[in-house]
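The values are calculated or read from the model by the stated rules, or taken from the named source; none is laboratory data. Owing to the predicted nature of the structure, the values given are computational and were not obtained by experimental measurement. Methodologically, a virtual Cβ is constructed for each residue, glycine included, from the backbone with ideal geometry; neighbour enumeration extends over all protein chains shown. What goes into the accessible areas is simple: the full protein's heavy atoms, side chains included, and nothing from ligands, DNA or RNA. Shrake-Rupley method; radii C 1.70, N 1.55, O 1.52, S 1.80 Å.
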Amino acid sequence: MLETPRDRAVDGPAGPSAQAESATDPDAAATLALQQAIIRAQAGLLARQEHALAAAGTWLWSCRLDDGALDWSGGVHDLFGIPRGAALHRPRILEFYEPASRRLLESIRRRAIAGHASFRLDAEIRTACGQPRWIRIRAAVETEGGRPARLFGTKQDVTEEIARLAELSRRADRDPLTGLANRHAFEAQFDAGSSGAGPDPLGALILIDLDGFKPVNDLHGHIAGDQCIRRSAARLAAICRDAALVARIGGDEFAVLLRAPVDLRALAECGRRIVAALSRPIPYRGQMVRIGASVGIALEVKTGIATGGSRTRLFERADAALYAAKDAGGNAVRIAVGSG
């Protein structure tokens with residue numbers, strides 16, 4: 001059964017005067033019996049509520065605002081990896097929170113107290129034995145005489161829920177065949193990089209199209225085609241391991257985003273390495289399947305940094321360079337430079 005915080009009031013048996021009065025007054029005896037029945041019913045309801053909370057992995061906590069004294073049910077101790085019954089000191093407990101979560105918690109807490117409001121927060125902690133964990137904090141403010149006196153609420157282990165959401169998000173941005181970023185992830189990062197909103201300003205865009213891929217599907221089937229896509233993706237990722245993003249944006253089309261600043265000669269060498277790697281034969285059922293690659297590259301010649309206004313033109317220049325490489329017979333690199 002879930003343990004209750006120590007500051008919860010629990011009514012005890014009636015005092016001697018009430019018992020003496022009930023012995024001589026039938027009405028008083030009936031009133032006392034009714035009160036005791038209500039207390040028993042409330043205790044039973046509280047116990048059922050606590051069982052329900054425990055079944056959901058949720059436990060009770062409170063914090064006095066005048067001195068920061070904490071009161072936890074046993075499950076909260078377990079959540080933090082702290083022995084039940086151990087002394088609780090709020091400054092020490094805050095050290096369990098990861099820095100970003102700690103700053104956010106303190107900010108939200110101050111606003112809630114000032115506004116007599118409730119809040120909910122998912123926060124990352126490390127337990128006493130160093131285990132990473134996500135907890136969901138729900139809190140409300142209790143007042144006395146119109147002044148905030150206590151925070152109270154629940155804490156819940158949501159580590160598995162956060163992990164599931166992270167995995168769903170990862171899958172939403174990943175190409176299932178190659179494991180590279182998909183077109184959705186590419187467009188999001190391309191937009192952020194070219195607008196300056198992302199952490200890495202965009203310096204150059206590389207577009208790659210496989211040459212001779214359709215005949216592989218026609219002659220050997222789609223299983224062979226998938227093998228070529230997977231192997232080509234792995235080779236591309238290895239060559240561009242320092243890129244901001246490597247993505248599959250179409251059937252046999254790939255894109256690479258490079259951080260600013262970029263060097264023209266280094267870009268040309270990177271393009272040649274991509275062509276050489278993707279032109280190597282790919283083994284399939286005892287045969288060596290051959291494809292190739294055309295590469296188009298676009299960058300900003302003046303600053304080496306793409307801007308939001310030049311995003312569309314940057315893609316258009318890379319696409320034009322790609323088709324120039326294909327028109328040259330494939331297995332070639334073409335570079336387009338410009339200032340927007």
Evaluate the range 264-271: report whether one residue or more is open to solvent by 20 Å² or more (accessible area, probe 1.4 Å), closer than 28 Å to PRO176 by Cβ, at pLDDT 90 or above and aliphatic (A, V, I, L, M).
no
Checked against (1) open to solvent by less than 10 Å² (accessible area, probe 1.4 Å); (2) within 19 Å of LYS326 (Cα to Cα), VAL275 satisfies every condition except (1)
Taking the range 111-122, which residues are in a helix (DSSP H, G or I) and either more than 10 Å from VAL141 (Cα to Cα) or hydrophobic (A, V, I, L, M, F, W, C) (or both)?
ARG111, ALA112, ILE113, ALA114
Scanning for something in a helix (DSSP H, G or I), closer than 19 Å to ILE335 by Cβ, open to solvent by 40 Å² or more (accessible area, probe 1.4 Å) and modelled with pLDDT of 95 or more, does the range 223-231 turn up at least one residue?
no
Using the structure shown, decide if THR159 is under 22 Å from LEU60 (Cβ atoms) and either at pLDDT below 95 or open to solvent by less than 50 Å² (accessible area, probe 1.4 Å) (or both).
yes
Output the residues belonging to the range 232-241 that are part of a helix (DSSP H, G or I) and basic (Lys, Arg).
ARG235
Could you tell me which of the residues ILE82, ILE125, ILE108 is outside any helix (DSSP H, G or I) and over 22 Å from ARG164 (Cβ atoms)?
ILE82
Here the residues within the range 235-263 that are buried (at least 19 other Cβ atoms within 10 Å of the Cβ), small (Gly, Ala, Ser) and touching a residue at least 60 places away in the same chain (Cβ under 8 Å) are ALA247, ALA255
Kindly list, by first and then second residue, each pair from a residue in the range 84-97 that is open to solvent by 40 Å² or more (accessible area, probe 1.4 Å) to a residue that is assigned to a loop (DSSP other than H, G, I, E, B), limited to pairs with Cβ atoms under 7 Å and residues at least 6 apart or on different chains.
ARG90/GLY68
Which condition number in (1) at pLDDT below 90; (2) over 12 Å from GLY271 (Cβ atoms) is the one that LEU299 fails?
(2)
Could you pull out the residue among ALA86, ALA56, ALA43 that is at pLDDT below 95, under 27 Å from the mean Cα position of the chain (by Cα) and of a type in the set (A, V, I, L, M, F, W, C)?
ALA56
Taking only the range 164-187 into account, find how many residues are part of a helix (DSSP H, G or I), modelled with pLDDT of 90 or more and either among the hydroxyl-bearing types (Ser, Thr, Tyr) or open to solvent by less than 60 Å² (accessible area, probe 1.4 Å) (or both).
2
Within the range 242-273, the count of residues that are assigned to a loop (DSSP other than H, G, I, E, B) and closer than 22 Å to GLU187 by Cβ comes to 9
Within the range 262-269, identify whether any single residue is among the aliphatic types (A, V, I, L, M) and touching a Ser or Thr at 6+ places or on another chain (Cβ under 9 Å), and answer yes or no.
no
